[in-house]
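Below: the structure, in structure tokens.
Nothing in this text is a laboratory measurement; each read-out follows from the coordinates by a stated rule. Small disclaimer: the values here were computed from a predicted structure and weren't measured. FYI the Cβ positions are ideal-geometry reconstructions off the backbone, even for glycines, and counts take in every protein chain you see.
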Amino acid sequence: MSELMTPALAGAAAGLGVAMPMGAMSVLLLQEAMRHRRTAVAAAMGIAVVDLGYAALATAVGPWAASHVSPVEAWVRLASAAILLAIAAHGLAGARPEAAPPVPAPDPAAAPGATRTTTGVRPAKAFARFVALTAINPTTALYFAALTTAQGASLGTGPAGAAFLVGVGAASLLWQQSLVALGSFAGARISATARVWTFRLGYGLVAAYAVKIALPLP
């Protein structure tokens with residue numbers, strides 16, 4: 001069991017690295033949670049499913065790719081690390097405070113104390129919409145492709161790969177559902193400062209991963 005803990009923790013860190021930076025999808029998820037918690041829960045699951053799907057595809061292809069480039073394995077790791085560092089640098093460069101979306105105004109016709117409006121979007125429709133919006137982001141696919149190709153040997157066995165995927169899925173889902181809870185509880189916009197720090201923490205994890213897989217240098 002202990003030998004599966006390492007890939008599971010690696011998967012959890014990878015899942016958080018791709019999920020924590022608060023981009024457009026996170027803002028949309030928070031806004032959905034402010035309107036209706038049920039649809040936001042489904043939307044969060046949609047985002048996590050895409051993260052898991054990309055990770056599964058990359059995990060399946062990564063070891064195969066790594067086994068076919070073993071003579072230059074160190075250089076493949078270095079190239080993968082460079083891609084991850086580029087992703088992290090691009091994300092950190094954009095980690096500046098921005099104007100947050102306006103807080104939805106209370107509905108005058110709502111019952112006293114009500115702060116959120118309802119939405120006609122059903123959970124299944126919200127799930128499908130967020131799956132589609134997340135899937136068209138090429139950064140997620142590139143992130144997992146670089147990460148798993150560089151770690152092809154360590155993810156070569158079925159149990160290790162499965163543990164990695166469990167970590168990715170659990171971490172991504174936990175973070176997205178935390179955003180839903182935050183949006184539902186607060187009923188207001190998240191501060192610009194908080195958004196910037198999630199960018200820095202998330203892309204900091206990506207940069208740390210890049211350094212880890214690059215060593216030892218060729």
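With r as the distance between the Cβ atoms of Ala208 and Val61 and R0 = 22 Å, compute the FRET efficiency 1/(1 + (r/R0)^6) and round to 0.05. Taking R0 as 22 Å, the efficiency between Val61 and Ala208 is 0.40.
Residue exposure proxy: Ser172, Ser178, Ser80, ordered by other Cβ atoms within 10 angstrom of their Cβ from fewest to most, comes out as Ser178, Ser80, Ser172.
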